[in-house]
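Below you'll find the structure, written out as structure tokens, and then a few comments.
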Amino acid sequence: MENRVSQDPLHLSTSSDPSPDEADQPTASGLSRRGFLRGAAIAGGGIVAATIAACAPAAAPTWTYGPSVTKAPGAASAAPASAAATAAASAAASAPPASAVPSAAASAAAEAIQPGWTIHDVDARRRVRRYVGNLAPAFKDIYGPVVFAKLVEILGAADGYPELTQKPAFMQVGTQLVLQDILDPLKPKMEGDVKVFDLTLDTMFQKIDEVLPPVAAIGYNKQWPGPTIRVTQGDKIKVNFTNNLTETSGVHFHGVDFDDFFQDGIPFVTQLPITPGETYAYEFVANTSGSLMYHSHHNATDQVGRGMLGPFIVDPKTDPYGADREYTWISNDELGGFTINGHGFPATVPVLAAIGETVRIRFMNEGIMMHPWHSHGYRMKVIERDGVPLGSAAFECDTLGVNPGERWDVLIKADRPGIWAFHCHILPHVEGQNGMFGMVNTMIVVPKASDIDTIVAALLA
Ligand SMILES: [Cu+2]
């Protein structure tokens, strides 16, 4: 089987990393049904729009998959900080691990190799089975019997393979950036007219996917990527970082036109390093809008490679695009191998869209190499580079190279149903002897918005 850690291009082995506490380890069931429902209840009507009608009780809270561009920012800033939300997240994070997924090797051994196939075909299909999980049966009602029959054949569902009743891999790896932004977005407290965010630098373990051992990492608020810091252009903000590591660090907000260069976050250039036990505050006006990032700028090849990175989104006061759903894809290619939001296929969160909807994807590259993102079946309309609107220079493409440090924002208008591959096109980043891995995902386009509720219901079942 593959070991993406071994593909680490810098050979940043975990052996010299700090040893996190056992209790820090993410759990396979970190995003449990309970966690979802409680998180959704706390989220209230802000980012919550769709109704889980299929199987939820009448009083069930509602939420939508993929935060709404038009609703999420207001909800995030307007919603009161909730101790219950933190408790729900903690409860979810400390839930006991789910039952172990049968090892692929064991399953492969038990599965006959069909005529003309090799073990590669068996392994490659299993990756997709793990990615789809128990969503496969839900596709029957969504796509109808003819399409479903083809999917059944492709997946080999007649085998009754175990993943048919298991949650998709992306539900089994703990914190997922896109889902975390829905269930428990980072909220500021107000000090006068300043939005104040509190973050920590901590050791942690990261599950790149659900069947590999977690890797020893470092992260903001014990998350990789760190939580999304989201504000509105013109906001005065203060971000406190408490360093719980045994090493120094510094945090750079990438893409901000600072008025005061001492807020730039570069140890020994604009500040002294943040020492273990210290809390350091960055204060500035978010005067540049768009998809920005925050990351370590100290021993950064190592620290960013181990997880010190996160999205910083500054919404303009008026949204010119009106996307229905949005997703952030932060690529990295170091400690965890080739990852999207800290996870590799099949543990990547699919983009979901209904016919007629427009999806916005914010590509951010926190790695050390370029990744050309290729959308199957759809062209992407590229609307912003590094937070700067392209205006009349916006263009369309199906493969978009994103260099280290760059952010590119695209819109995709969903007009044809299907399960469309969406991946980096540097082939060693996505396919190997055992099938697809790493920087692979899909965009699942369903006929109507309520089909997304069906998918959510299957995930929560
Ligand atoms: Cu790549």
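The values are calculated or read from the model by the stated rules, or taken from the named source; none is laboratory data. Remember, it's a predicted structure, so these values are computed and weren't measured experimentally. Using ideal geometry, Cβ is built from the backbone for each residue, glycine included, and neighbour counts are taken over all protein chains shown. What goes into the accessible areas is simple: the full protein's heavy atoms, side chains included, and nothing from ligands, DNA or RNA. Shrake-Rupley method; radii C 1.70, N 1.55, O 1.52, S 1.80 Å.
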- Query: What is the range 337-461 by shape, rounded, prolate or oblate, if you read a ≥ b ≥ c off the alpha carbon gyration tensor as root eigenvalues and call it rounded for a/c under 1.5, prolate for a/b larger than b/c, and oblate otherwise?
  - Reply: oblate
- Proximal lysines to LYS167, defined as alpha-carbon separation beneath 25 angstrom and excluding residues fewer than eight positions away on the same chain: LYS140, LYS150, LYS207, LYS222, LYS448
- Query: So, by mean Cβ neighbours within 10 angstrom, what's the order for 269-276, 170-177 with the highest one leading?
  - Reply: 170-177, 269-276
- Query: According to the square roots a ≥ b ≥ c of the eigenvalues of the Cα gyration tensor, what is the shape class of the range 273-320, taking rounded for a/c under 1.5, prolate for a/b larger than b/c otherwise, and oblate for the remainder?
  - Reply: oblate
- Message: Just the number please: accessible area per residue for the range 133-186, 1.4 Å probe, all protein chains included, in Å².
- Response: 40 Å²
- Query: Roughly speaking, to the nearest percent, how much of the range 394-459's 1.4 Å accessible area is carbon and sulfur?
  - Reply: 59 percent
- Query: Of all the accessible heavy-atom surface of the range 124-207, with the other protein chains kept in place and a 1.4 Å probe, what percent is carbon and sulfur?
  - Reply: 60 percent
- Message: On the Cα set of the range 272-405, report Rg and Dmax in Å, please.
- Response: 16.4, 52
- Item | Most to least packed among 218-226, 299-307, 188-196 [average Cβ atoms within 10 Å] | 218-226, 299-307, 188-196
- Query: Could you give the accessible area per residue of the range 279-407, probe 1.4 Å, as a whole number in Å²?
  - Reply: 29 Å²
- Task: Pop out the carbon and sulfur fraction of the accessible area of the range 235-282 as a percent, whole number, probe 1.4 Å.
- Result: 55 percent
- Message: For the range 175-290, compute the orientation-averaged projected area of the C-alpha convex hull (one quarter of its surface), in nm².
- Response: 8.1 nm²
